[in-house]
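To start, the structure itself, in structure tokens.
The values are calculated or read from the model by the stated rules, or taken from the named source; none is laboratory data. These numbers come from a predicted model, not from an experiment. Cβ placement follows ideal geometry from the backbone for every residue including glycine, while neighbour counts extend to all protein chains displayed. To get the accessible areas, we keep the full protein, side chains included, count just its heavy atoms, and leave off ligands, DNA and RNA. Shrake-Rupley method; radii C 1.70, N 1.55, O 1.52, S 1.80 Å.
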Amino acid sequence: MQNRFVKNLLLLLTLNLLIKPFWILGIDRSIQNRVGDSDYGLFLSVSSFSFLFYILLDLGITNFNNRNIARNQRQLQKHFAGIMGVKIILGVVYMLLLMAFGMIIGYGPEQMSVLFWVGINATMLSMIMYLRSNVSGLMLFVADSFLSVLDRLLMILLCSLLLWTPLLGRTLTISEYVYAQTIAYTITFLVALAVVMQYAGRLAPTFDRKFMGMILRRSAPYALLVLLMSFYNRLEPVLIERLLPEDSGLLQTGIYAKAFRLFDAGNNISMLFAVLLLPMFASMLKKKEPVVGLVRLSFSLTFTLSAIVAISGIMYAEPLMKLLYGLRPGEDEIGFAARIAQSAGIFSLLMVAYVAVSSTYVFGTLLTAKGSLRLLNSIAGAGVLLSLIMNFLLIPRYEATGAAISSLTVQTAMAVVQYIAARRVVGFSLGGQFFIRLLVFLLIFMASAFGIRQLEVSWLVSLGLTLTAGIISVLLTGLVSVRDILTHLMSSGNRLK
């Protein structure tokens, strides 16, 4: 299983690193520049509003189904038609509630039109994620890796035509951007459906009330877990705006968002580990196979990669913030320096939190695969309570910096508690020598990074040298062995699906 994990992780990371950065920095930014801040702001606000109701589209079915199929692949043929029926009903309910609440809060005709198509896109995305849970549950990781980027690849192609060719003969509108998303999601849905249908054997959805009730009851703990994790992962920006005076609240929320953007980008990459690990852990636990080797390998990779990114980010926080968020029109140098200094401080705190979050994608996923949802929900509930207490105490006094301190504390506590819980529930030990190696890696890398920082070279060159020193530090401590990885790649070639 470790062989398959290494090879598919490399494929998944390669595809996502090739496609998604270009989407974020190339296409999405160009769309905003072309349509203007006002129209793009309309799209962004409506999209954010639609995702407040996103939990209604899934109710934990995707995570439940991923684990269920990985443990018994014959469940696909048994449950596929019924779950598709449930998903269709949830989609209808979601759209009705979304449009109703859009009218209640006073959206005008243009906003309601965009909201409708954004809702359709969210529904299609939920369907794609469910279909992908079947694909990964069947251990078809190559297919799942390509499906994970297919929608963005199609969007890049469509939007490139709209942006840089005379196809439209006029300026692109935000509605056409939303329509392009709909086309991309629809094609991705049909491709994912075609892959699943090769194994499901039946297309027509069924609407059996008893089956629907059973699926919703069994997936409810997964829905609660997603809801609780969303709260303690995304609570800070809302509370900053609510707990501070209006002008200060909006300003501090914006400052926090700038630092949070890079944290969120890194988090999306770390999340790919969970995508691969959930079906693998579920299958191994079902067969009573030892998981300690895969746990050690996956945690070594997540911890060292996130630590290299985090420490490098902290060392160069101010120049990174200056590069991304330059001097505003009319802003003096003193105000600019103060804004950058606060953003860099928040960014540094969030980078430490990023290491903790990355760790939870191993141990939290292992507990999910084990079926310890009640325990995970208790831990997540405690995380929400701790987050609320700390934010209410820190934000009024320290503003956005207080929110970052709260996030760091909560995420670190969640990582430690999930590790302890996973060790006790699953019954594995990484060994004292392993953690000594982690400590030695951190000491070597931090010393190297500090030394490189003193060199009289540009900060970009220094950053590149620091990242290289991180990789060398990992290899020197033996946390990740190039020989082992190459062995895994070569031995898994014929077995990769």
Would you point out the residue of segment 235-258, among those that are open to solvent by less than 80 Å² (accessible area, probe 1.4 Å) and of a type in the set (Val, Ile, Thr), that is modelled with the lowest pLDDT?
Thr253
Specify which of the listed residues (Ala265, Ala310) is within 25 Å of Ala449 (Cβ to Cβ), surrounded by fewer than 19 Cβ atoms within 10 Å (Cβ to Cβ) and of a type in the set (Gly, Ala, Ser).
Ala265
Do we find that Leu216 is open to solvent by 30 Å² or more (accessible area, probe 1.4 Å) and modelled with pLDDT under 80 in this structure?
yes
Per the list (1) farther than 20 Å from Tyr361 by Cβ; (2) touching a residue at least 12 places away in the same chain (Cβ under 8 Å); (3) surrounded by fewer than 20 Cβ atoms within 10 Å (Cβ to Cβ), residue check on Gly432 breaks on (2)
Within segment 49-94, can you find the residues that are free of Cβ contacts under 8 Å to residues at least 12 places away in the same chain, under 14 Å from Asn134 (Cβ atoms) and in a helix (DSSP H, G or I)?
Gln75, Lys78
Which one of these does Leu227 not meet: (1) within 24 Å of Ser136 (Cβ to Cβ); (2) among the hydrophobic types (A, V, I, L, M, F, W, C); (3) in contact with a Gly (Cβ under 7 Å, 6 or more places away or on another chain); (4) at pLDDT below 75?
(3)
Is there any pair linking a residue in segment 119-133 that is over 21 Å from Tyr199 (Cβ atoms) to one that is of a type in the set (Phe, Trp, Tyr) and open to solvent by 10 Å² or more (accessible area, probe 1.4 Å), with Cβ under 8 Å and at least six apart or on different chains, and which?
Asn121/Tyr185; Ala122/Phe51; Ala122/Tyr54; Met124/Tyr185; Met124/Phe189; Leu125/Tyr185
Considering residues that are in contact (Cβ under 8 Å) with a residue 24 or more places away in the chain, out of contact with any Phe, Trp or Tyr (no Cβ under 8 Å at 6 or more places or on another chain) and open to solvent by less than 50 Å² (accessible area, probe 1.4 Å), the number found within segment 369-410 is 12
Which of the helices (runs of 4 or more DSSP H) contained wholly in segment 259-371 include at least 2 residues that are under 30 Å from Gly478 (Cα atoms)?
292-315, 333-370
Long-range neighbours under 9 Å by Cβ, at least six apart or interchain, first residue open to solvent by less than 10 Å² (accessible area, probe 1.4 Å) within segment 337-364, second of a type in the set (Lys, Arg)
Ile340/Lys322; Ser343/Lys258; Ala344/Lys322; Ile346/Lys258; Phe347/Lys258; Phe363/Arg423
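Condition check ((1) within 28 Å of Leu305 (Cβ to Cβ); (2) modelled with pLDDT under 90) across all residues:
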residue	(1), (2)
Gly326	no, yes
Phe347	yes, no
Tyr354	yes, no
Phe392	no, no
Ile436	yes, no
Leu439	yes, no
What number of residues in segment 138-178 are assigned to a loop (DSSP other than H, G, I, E, B) and modelled with pLDDT of 80 or more?
1
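Would you confirm, using the coordinates I've provided, whether Asn134 is within 30 Å of Pro279 (Cβ to Cβ), at pLDDT below 85 and either in contact with a Phe, Trp or Tyr (Cβ under 8 Å, 6 or more places away or on another chain) or β-branched (Val, Ile, Thr) (or both)?
Here the answer is yes, as Asn134 does meet what is asked.
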From the residues in segment 137-157 that are touching a Phe, Trp or Tyr at 6+ places or on another chain (Cβ under 9 Å) and free of Cβ contacts under 8 Å to residues at least 40 places away in the same chain, which one is most open to solvent (accessible area, probe 1.4 Å)?
Leu154
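Among Tyr232, Tyr222, which is within 16 Å of Ser133 (Cβ to Cβ), open to solvent by less than 30 Å² (accessible area, probe 1.4 Å), at pLDDT below 75 and part of a helix (DSSP H, G or I)?
Going through Tyr232, Tyr222 in turn, the sole match is Tyr222.
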Reported set for segment 80-104 where residues are farther than 24 Å from Met214 by Cα and either open to solvent by less than 60 Å² (accessible area, probe 1.4 Å) or β-branched (Val, Ile, Thr) (or both) is Leu98, Met99, Ala100, Gly102, Ile104
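Condition first: open to solvent by 60 Å² or more (accessible area, probe 1.4 Å), among the polar types (S, T, N, Q) and out of contact with any Asp or Glu (no Cβ under 7 Å at 6 or more places or on another chain). Can you find one or more residues in segment 451-459 that meet it?
Among the residues of segment 451-459, at least one is open to solvent by 60 Å² or more (accessible area, probe 1.4 Å), among the polar types (S, T, N, Q) and out of contact with any Asp or Glu (no Cβ under 7 Å at 6 or more places or on another chain), which makes the answer yes.
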Flag for Leu463 being surrounded by 14 or more Cβ atoms within 10 Å (Cβ to Cβ) and either assigned to a helix (DSSP H, G or I) or modelled with pLDDT under 90 (or both)
yes
